[in-house]
Amino acid sequence: MERSAQRLGRALVVVVDDRIANGEHEDTSGPLVTELLEEAGFIVDGTVTVHSDTVAIRNALNTAVIGGADVVITVGGTGVSPRDVTPDATQGVLDQTIPGIAEALRSSGLAAGAVDAGVSRGLVGVSGSTLVVNLAGSRSAVRDGMATLSSLVPHVIGELSGGLAAEA
């Protein structure tokens, strides 16, 4: 997401991790997403950490959408363990999914060796005029996912704002 001279919009990061929410573990992925979003030209409203709980995740996403965020990036909770409920919570918030972007994130993550990205059930879609992206929780999945999103997010935001789609 290279258009840093121009502000692309507002973003929110939602970290889904029980250990981080309980204060038992330091969050390293959330700050990385924030840094990459800011480098790309987004104003990051903040990072919200929630437990791996469908209602908590859904509430965080709905708050971001109602608050007018242009993009929400969730980190974590996309795998196949019983506590990985981020995609399930996200599905209940989305008006439409964008499966091509979700598949691109899985494919590029797996190719880069981020196994958690390759087996992620993460969704990408639109809620109102907000783009919602689920990323796997590892730093490598975050780095690769954000690189994959670099040309796609400005394009989608351009379409959602009713303007001409941003060119890569």
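Assorted remarks:
- Being closer than 17 Å to residue 130 by Cα, touching a residue at least 40 places away in the same chain (Cβ under 8 Å) and open to solvent by 70 Å² or more (accessible area, probe 1.4 Å) is a property that residue 58 lacks.
- Scan of segment 81-127 for residues that are within 17 Å of residue 13 (Cβ to Cβ) and open to solvent by 20 Å² or more (accessible area, probe 1.4 Å), ordered by number: 123
- Annotation note: Cβ proximity below 6 Å between a residue of segment 121-133 that is without any contact (Cβ under 8 Å) to a residue 40 or more places away in the chain and a residue that is of a type in the set (D, E, K, R) (sequence gap 6+ or interchain) occurs for 126/95.
- Filtering segment 63-80 to residues that are surrounded by 14 or more Cβ atoms within 10 Å (Cβ to Cβ) and of a type in the set (A, V, I, L, M) leaves 64, 65, 69, 71, 72, 73, 75.
- Among the residues here, residue 147 does not qualify as at pLDDT 95 or above, assigned to a helix (DSSP H, G or I) and open to solvent by less than 20 Å² (accessible area, probe 1.4 Å).
- You will find that of 50, 33, the residue that is over 24 Å from residue 159 (Cβ atoms) and buried (at least 19 other Cβ atoms within 10 Å of the Cβ) is 50 and no other.
The values are calculated or read from the model by the stated rules, or taken from the named source; none is laboratory data. The model shown is predicted, which means the values in this text are computed figures rather than measured ones. Quick reminder, even Gly has a Cβ in these numbers, built from the backbone with ideal geometry, and neighbours come from all protein chains shown. Calculation scope for accessible area: heavy atoms of the full protein, side chains included, ligands and nucleic acids excluded. Shrake-Rupley method; radii C 1.70, N 1.55, O 1.52, S 1.80 Å.
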